Amino acid sequence: MSNWQGTVDWADHAEAGVAFAFAKATEGGDYTDKWFSRNWNGMRESWIVCGAYHFARPKGDPIEQARHFLRVVRSAGGLRRGDLIALDLETNDGLRPEQVARYARRWCHHVERHAGVRPFIYTFRAFASGGHCAGLAEYPLWIASPESERGRPPVPRPWRDWTIHQYANSPIDRNLFHGTRQELTKLGFHPR
């Protein structure tokens with residue numbers, strides 16, 4: 001979910017069987033989605049597993065962007081047990097693949113070190129296959145592949161398997177997790 005979708009009726013989604021969702025929190029080093037706080041709390045109130053994502057702008061400073069993201073999540077109420085984080089990696093900002101991959105690794109390492117949770121990497125096959133995700137195999141893959149059969153997306157290198165498959169993007173994004181709700185929250189935040 002992102003700002004162009006406006007307000008979301010999370011209770012309605014929960015009733016329809018939605019078990020988890022990701023809301024856009026930030027983009028680049030200074031943009032904050034104006035609906036993030038409302039979405040984050042709406043998901044929580046509806047017992048939906050909460051996910052927050054950062055839209056990567058690889059031309060910027062990954063540490064500055066990670067700090068901005070973590071500040072925004074904190075100001076919306078912070079992370080609770082089982083909450084998920086993702087890096088939306090789908091644009092190169094005109095940089096070479098190895099520069100994009102280095103940006104992503106630095107962003108992920110910072111978030112993991114300071115928030116204690118391993119981010120998912122949201123990307124698509126052609127982007128990953130182009131080398132933009134090198135060195136990210138340790139992070140769970142959230143693959144955008146609406147053209148694939150539900151639960152049967154292609155798995156680009158460097159990954160061996162997918163964790164979440166975005167199998168539809170119209171009228172809203174629909175995703176499938178490869179496991180149970182409990183297995184999903186195990187991939188999320190756990191207080192030290």
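For the reader, a short list of remarks on this structure follows.
- From the largest down, segment 94-192 spans 37, 34, 26 angstrom on the principal axes of its Cα atoms.
- Beta bridges assigned by DSSP with both partners in the chain are antiparallel in approximately 20 percent of cases.
- Computing FRET efficiency as 1/(1 + (r/R0)^6) for Glu138 and Asn41, where r is the C-beta to C-beta distance and R0 is 30 Å, gives about 0.45.
- Note on the chain: helix-only mean residue ellipticity at 222 nm, from DSSP H runs of 4+ residues weighted -39500 (n - 2.57) and normalised by residue number, equals -8500 deg cm²/dmol.
- Oblate is the label for segment 10-187, because the ratio a/c of its alpha-carbon gyration tensor axes (a ≥ b ≥ c) is 1.5 or higher and a/b is not greater than b/c.
- Simple Cβ-charge dipole of segment 10-187, Lys/Arg +1 and Asp/Glu -1, about Cα centre, in debye nearest 20: 440
- The candidates Ser46, Ser129, arranged from most to least accessible area with a 1.4 Å probe in the full protein assembly, appear as Ser129, Ser46.
- The chain: DSSP helices with Cα axial extent of at least 18 Å and average Kyte-Doolittle hydropathy no lower than 1.6: none
- If only the Cβ of Lys and Arg carry +1 and only the Cβ of Asp and Glu carry -1, the dipole of segment 30-80 around its Cα centre is close to 80 debye.
- Sulfur and carbon atoms: percent of accessible area, the chain [1.4 Å]: 46
- In range of the label at Asp30: residues from segment 94-126 whose backbone nitrogen is under 13 Å from the point 7 Å along Cα→Cβ: none
The values are calculated or read from the model by the stated rules, or taken from the named source; none is laboratory data. The shown structure was predicted, so the numbers you read here are calculated from the model rather than taken from an experiment. Positions of Cβ are backbone-derived with ideal geometry, glycine not excepted, and every protein chain shown enters the neighbour counts. Ligands, DNA and RNA are excluded from the accessible area calculation, which covers all protein heavy atoms including side chains. Shrake-Rupley method; radii C 1.70, N 1.55, O 1.52, S 1.80 Å.
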